[in-house]
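Taking it in order: structure first as structure tokens, then the write-up.
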Amino acid sequence: MKTSTINHWEKKIQHAIALSHDDPYGDRDVKTVAAMIGESPDNFSHKFVQMYGESYIHFTKRRRREAGAGYLRHSDFGIGEISEMCGYTHSSFTKAFRELYNEAPINFRDRLYLPNEEHTLARTKIATTPHDDPHSLIFSPDKTEDVRLPEYRLYYTILPRNDDPVRSMVAYMSMYQQQLHAIRTSLELPGAMVITGTLDVVPVTNYAKMMMYVGILVPVLKAYEVAHLHIGRSFREPFGLFTKRVPGGYYKKLPVPMSFVAAGLPMYEFINRSCRAGYFKMSGNHFFISLTGETDCEIFIPWQRR
């Protein structure tokens, strides 16, 4: 394919992926998604397989089952609750889960380590400059602050994809981060955050398939209605921004005196260690990093307040 054709389809398929990630129950079929991105179902399906190595239907099913695996890993929701959150009945979730993981959800929940976890951590360590915090002076449950956040709308860019997503994120972050800070400044959005994270479930998703993003998180509040309109009219198309609902609720906030590059690996190890030890349990799969400065950032982890 010509470069222009590849770029065209890369953006179209990213749009389809964004639609899937904002559809937790998997309600949209191929025909619906193809219409939403302005392509024929056959052409869309062919290009998706050609560029991503799996069908859109398989991608959507995998995403929902991986979401369920993430809840099993880091939450204490019951399997019936998790099934409903991913758009399944209890029995259909158990069947679908067995098809992907060759074991029952209850057995998966008891695993100490996941098959690709060590690989993900090793690749992340190579791609970043992780901060060493052996005595948990920074990454400690005692250092977190309990906050309640409103519902947000995330306007984001999926970062260029290859088989080393964290390295790609590090390489491309600066340019996109500058664009988003420019939006925040021009619209005078003090309550908005420029953030980064992954659309997928760490450490469940295969490392090479993870998709990293950077975006601006804007509260869904009356005071920000005009800002949402401005972003939709003036920035979404030129900057290629997709949208996603980020639910409000309780979060663990952890300020850290380091860049997101240094914070990434110890952040994951802290979250996984805390969840496994029962210091807190996550209410959702997607933690994120607020990019507050070059030498500092804030980590936000959704947690279950019982």
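Accessible area per residue, 1.4 Å probe, Å², for the chain: what's the number?
I get 48 Å² per residue for this part.
Using the Karplus curve 6.51 cos²θ - 1.76 cosθ + 1.60 with θ = phi - 60°, what ³J(HN,Hα) values do you get for each residue of segment 64-78, in whole Hz, with x for Gly and Pro?
5, 5, 5, 4, x, 5, x, 5, 4, 6, 10, 10, 10, 4, x
Points 7 angstrom from Cα along the Cβ direction at E54 and E188: gap in nanometres?
With each label placed 7 Å out from Cα toward Cβ, I get 4.6 nm.
In nm, what is the difference between 0.36 nm times the number of residues separating A277 and D22 and their Cα-Cα distance?
Full extension from A277 to D22 adds 88.7 nm.
Given a 1.4 angstrom probe, I'd like the percentage of the accessible area of segment 142-272 that is carbon and sulfur, rounded to a whole number.
51 percent
So, R0 is 41 Å and r is the distance between the beta-carbons of L137 and D29; what FRET efficiency does that work out to, to 0.05?
Rounded to the nearest 0.05, the efficiency is 0.20.
Compute, for the chain, the length of the dipole vector about the Cα centre, with Cβ point charges of +1 (Lys, Arg) and -1 (Asp, Glu) only. Units Debye, rounded to 20.
In total the dipole reaches around 440 debye.
In percent, what relative contact order does the chain have, based on Cα pairs under 8 Å that are 6 or more apart in sequence? Before the final figure, lay out each step's value.
Working: 463 pairs, mean separation 63.8, N = 306.
About 21 percent, as a whole number.
In whole percent, how big is the carbon plus sulfur part of the accessible area of segment 1-117, probe 1.4 Å, protein atoms only?
Carbon and sulfur: 52 percent of the exposed surface of segment 1-117.
What longest range of the chain stays clear of loop-exposed chymotrypsin sites (Phe, Trp or Tyr not before Pro) (DSSP non-H/G/I/E/B, at most 13 other C-beta within 10 angstrom)?
Free of exposed loop sites, the longest segment is 114-306.
What value, in deg cm²/dmol to 500, does the helix sum -39500 (n - 2.57) over DSSP H runs of n ≥ 4 give at 222 nm once divided by the residues of the chain?
Counting only the DSSP helices, I get -14500 deg cm²/dmol.
Roughly what percent of Cα-Cα pairs across segment 98-143 reach past 14 Å?
Values: 710 of 1035 pairs.
Percent of Cα pairs beyond 14 Å in segment 98-143: 69.
Ratio of the chain's C-alpha Rg to 2.2 N^0.38 Å, to two decimals?
Relative to the 2.2 N^0.38 Å estimate, the chain comes out at 0.98.
Over segment 125-264, what is the mean sequence separation of C-alpha contacts under 8 Å (at least six apart), divided by residue count, expressed as relative contact order in percent?
With pairs under 8 Å counted, the relative contact order is 43 percent.
Could you run the Karplus curve 6.51 cos²θ - 1.76 cosθ + 1.60 with θ = phi - 60° over segment 233-242 and give me ³J(HN,Hα) per residue in whole Hz, x for Gly and Pro?
Calculated HN-Hα couplings, in order: 7, 10, 10, 4, 5, x, 8, x, 8, 9 Hz.
The values are calculated or read from the model by the stated rules, or taken from the named source; none is laboratory data. Since the model is a prediction, treat every value here as computed from it, not as a measurement. Neighbour counts run over all protein chains shown; Cβ positions are idealised from the backbone, glycine included. To get the accessible areas, we keep the full protein, side chains included, count just its heavy atoms, and leave off ligands, DNA and RNA. Shrake-Rupley method; radii C 1.70, N 1.55, O 1.52, S 1.80 Å.
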